[in-house]
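Asker: Submitted below is the structure of interest, expressed as structure tokens.
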Amino acid sequence: MKKKYVYFVPPLIGLVLFAGVYWKFAAAHEQREANMRTTMIKAREEKIRAENILKKKAVEDALVQQEIRKKQKAEKETKELEERDRRERAALAMANARDTATRKVAEVRRLEKQVEDAKKEIARVEQEKKASLDEQAFIRVYVQKAEANQKGLAAVLQKIEAADRAAEEAARAAAAAAAAAAKKK
């Protein structure tokens with residue numbers, strides 16, 4: 001039998017040792033596990049608290065950043081609106097300048113045409129004036145010739161009248177001489 005106890009004793013000793021270690025471990029294990037659980041819960045709570053603080057800080061930072069972005073967006077929109085207004089005013093000013101330039105060019109052309117027409121009118125009036133002066137000079141000469149002709153005709157008429165009177169007197173004198181000769185006879 002000696003050989004049989006070799007098979008049972010070491011496992012029994014091992015079982016007794018295991019039971020003692022297990023019992024010691026089991027008694028302290030619950031306490032360690034409770035302590036570990038408490039430590040883990042505290043660590044988790046600390047971690048959650050830290051995460052909550054970080055999240056709260058992140059939310060606050062996000063809100064601050066959101067306010068900054070809102071301000072920047074409002075400033076950007078204001079600048080864009082001002083820039084758009086400035087560009088529109090510039091476009092209107094450019095269109096007005098272009099319209100004014102077009103009107104001025106048209107006015108210059110119209111005035112140049114009026115100047116050309118006025119020059120032509122002046123040249124025509126000058127020609128009419130020259131023709132009128134030439135006509136006046138011709139009429140003066142004609143009037144002088146006509147007056148000289150009239151004087152000449154008046155002198156001829158006077159000569160004719162004088163000749164008619166002289167012929168009348170000669171005819172009276174001849175009639176008186178014929179009547180005196182007829183009376184003498």
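Asker: To the nearest 0.05, what FRET efficiency results for GLU161 and PHE138 with a Förster distance of 41 Å applied to their C-beta separation?
Answerer: The calculated FRET efficiency here is 0.80.
Asker: Ok, one more. Please work out the Cα center distance from the range 67-102 to the range 1-43, rounded to the nearest Å.
Answerer: 85
Asker: Please give the length that would be gained between MET36 and LYS55 if that part of the chain were fully extended, namely 0.36 nm times their separation in residues minus their C-alpha to C-alpha distance (nm, one decimal). Present the calculation step by step, with values, prior to reporting the outcome.
Answerer: Numbers: separation 19, 0.36 × 19 = 6.84 nm, distance 2.69 nm.
Using 0.36 nm per residue and subtracting the Cα-Cα distance, I get 4.1 nm.
Just so you know, all these numbers are worked out from the coordinates, no wet-lab data involved. Just so it is clear, the model here is predicted, and its values are computed rather than measured. Reconstructed Cβ throughout: ideal geometry from the backbone, glycine too, with neighbour counts over all protein chains shown.
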